[in-house]
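Since the structure comes first, as structure tokens, the remarks are kept for the end.
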Amino acid sequence: MLQMFRPPILSWLLVAFALTALAEPPAVTQAEMNKAAGGLERRFAEIAKLKETAPGDYVNAMQSWIDDLARNEDKYRSSSQNYRMRYSAVMEWMKLADFARTKLHAPARAISIYQRAEGHVAKGRPVFGMHDLIADIYEFDLNDRAAAAATFRQLRDAYAGMPKQRRADYAAWDGWKKKWLDAEIAFLENGRRFEGALTAADLTGFQQQIYFGAGMVITNGEPDASFNPYEAPDTLPAATHDKLLRIPGSHTTFLRVWLYAVRLRSTADARAWIERNDRAGFWADSLLTLAAVTDRLSKEEQGNPRRDVGAMIVRLPSGDVTGMALLGREYAKSHALPALPKNPHH
């Protein structure tokens, strides 16, 4: 269901060890693999029973199970039927780490699991989608600014050598990420909140971040029925509204529930949610700048509404103005706004 969120440039993280080879394996290898896959599936069904009743035991058992899965993925990598393993060790590590963080409330354990996943897929090289989640835990869950800054800096240094994306929207996303890392490190090391100007390219990159990033954390995390992105109502039920403003803040939470946060009707609630989920100010400024610019363009393009992420932030399906749009109008009074392209459907 959430496949629409999956970013093409990050999809390799989700299927890294489920790729098939061209060579057909000997029949005996195929039979061995089928037997191994069956055994893993039976173990998985038994382990799943521990999830609600004994979450600590569940994490321990799942860690052992994923290690075995990874070994079998490596063993049968050459098989053209490797997809029959049915699971991806990387995806399962990501889900388990999120469970340890959000359900077991064991941030250090979550970090160790993310590190295991990153080591498996990237051989020790920091990568987005994993290293930033580790830094997120240090910053928000453990309030360890030094460790968060060091982790973000490792990712920033690794990202500096990445080749430039050919597609303009992915290049803009890369540019936004680099600016965010710089802003986050400056805040964590020196306490300076972001105060720079954002460009149209930055807003393009931010839209990629919250659209595809939401897919990453939802697909690779523990589901929360309270924030199903496909069932966000125009008016939030009181219980959902209260939970939205209570759940522990982080950039992961920002990505996971922003489709509900844009349903907040008042500027006070919108401001409280932003401040809870972004400390350095770069995500906040990106969101409010996008809201302000899109709101202004929407007024100019009445009768032919925009259909991008910005439109989702400032207008509800009913057409009502959101609290984010109202807050964006306040923000625009004291901040310069970049120009965005006119509505291509106008």
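The coefficient of translational diffusion for the stretch 95-234, derived via Stokes-Einstein from the alpha carbon Kirkwood radius under 37 °C and 0.692 mPa s, stands at 202 µm²/s. Modelled spin labels at ALA200 and SER226, positioned 7 Å past Cα toward Cβ, are 4.0 nm from each other.
Distance from the C-alpha centroid of the stretch 28-69 to that of the stretch 244-275: 36 Å, rounded to the whole angstrom. Shape class for the stretch 156-209, computed from the alpha carbon gyration tensor (a ≥ b ≥ c): oblate, with a/c not under 1.5 and a/b at or below b/c. Between the stretch 121-136 and the stretch 205-239, what is the separation of their alpha carbon centroids in Å? The distance from the Cα centre of the stretch 121-136 to that of the stretch 205-239 comes to 22 Å. Where q = 0.15, 0.19, 0.23, 0.27 Å⁻¹, what log10 of I(q)/I(0) comes from the Debye formula for the stretch 246-297, counting one point per Cα? Evaluating at q = 0.15, 0.19, 0.23, 0.27 Å⁻¹ gives log10 I(q)/I(0) of -0.38, -0.61, -0.90, -1.20. Among rounded, prolate and oblate, which fits the stretch 70-171 when a ≥ b ≥ c are the square roots of the eigenvalues of its C-alpha gyration tensor, a/c under 1.5 means rounded, and a/b larger than b/c means prolate? Taking the square roots of the gyration eigenvalues as a ≥ b ≥ c, the stretch 70-171 is oblate. Relative to the current alpha-carbon distance between ASP67 and SER318, full extension at 0.36 nm per residue lengthens the span by 85.5 nm.
Here the stretch 166-246 yields Rg over Rh of 1.07, to two decimals, using C-alpha coordinates and the Kirkwood radius. Here the Karplus relation 6.51 cos²θ - 1.76 cosθ + 1.60, evaluated at θ = phi - 60°, turns the backbone of the stretch 247-253 into coupling constants of 4, x, x, 4, 5, 5, 5 Hz, with x for every Gly and Pro. With bins 10 Å wide beginning at 0, the percent of Cα pairs of the stretch 124-203 falling in each bin runs 18, 48, 30, 4.
We did not get these values from a lab; they are worked out from the coordinates using the rules stated. Note that the structure is predicted; figures quoted are calculated from it, not measured. A quick note on method: Cβ atoms are made from the backbone with ideal geometry, for glycine too, and the neighbour counts reach across all protein chains shown.
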